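The values are calculated or read from the model by the stated rules, or taken from the named source; none is laboratory data. Worth saying up front: this structure is predicted, and the values here are computed from it rather than measured. Here Cβ is always computed from backbone atoms with ideal geometry, including for glycine, and neighbour counts include all displayed protein chains. What goes into the accessible areas is simple: the full protein's heavy atoms, side chains included, and nothing from ligands, DNA or RNA. Shrake-Rupley method; radii C 1.70, N 1.55, O 1.52, S 1.80 Å.
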Amino acid sequence: MLPLVDDLGMSPSIQDVKKQHEAQFFKMAGVVSVGIGLDSDGNQAIVVGLDGSHPDTESSIPAKIEGYPVVVQTIGTIRAQ
């Protein structure tokens, strides 16, 4: 995992954290999306979308990454239109 602060002593942006970790999420069973949204408290969060119930995947996703909350949502299958 990457450090919580960069060489200048600044925390990485949520966009940077998402970009650095999204490939790992997409390797997990059932993950169909990774984005940025809000948690239940209104804080910026990384949102991981699942196509259905995947208990093993859900249990392996951390609650926080580099200080940002991670929210898991079941959103169903994504289809191109």
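Conditions: (1) under 9 Å from the mean Cα position of the chain (by Cα); (2) loosely packed, with under 11 Cβ neighbours inside 10 Å. Pro62 meets all but one. Number of the miss?
(2)
So which residues in the stretch 22-78 are at negative phi, of a type outside the set (A, V, I, L, M) and touching an Asp or Glu at 6+ places or on another chain (Cβ under 8 Å), if there are any at all?
Passing the criteria: Pro69, Thr74, Thr77.
All but one of (1) part of a loop (DSSP other than H, G, I, E, B); (2) at pLDDT 95 or above; (3) surrounded by 12 or more Cβ atoms within 10 Å (Cβ to Cβ) hold for Leu2, so report the exception by its number.
Going through (1) part of a loop (DSSP other than H, G, I, E, B); (2) at pLDDT 95 or above; (3) surrounded by 12 or more Cβ atoms within 10 Å (Cβ to Cβ) one by one, Leu2 breaks only (2).
Can you find a residue that is at pLDDT 95 or above and surrounded by 11 or more Cβ atoms within 10 Å (Cβ to Cβ) anywhere in the stretch 74-81?
Scanning the stretch 74-81, I find at least one residue that is at pLDDT 95 or above and surrounded by 11 or more Cβ atoms within 10 Å (Cβ to Cβ), so the answer is yes.
Restricting to the stretch 22-47, name every residue that is closer than 15 Å to Thr77 by Cβ and either open to solvent by 30 Å² or more (accessible area, probe 1.4 Å) or part of a strand (DSSP E or B) (or both).
The answer is Phe26, Ala29, Val31, Val32, Ser33.
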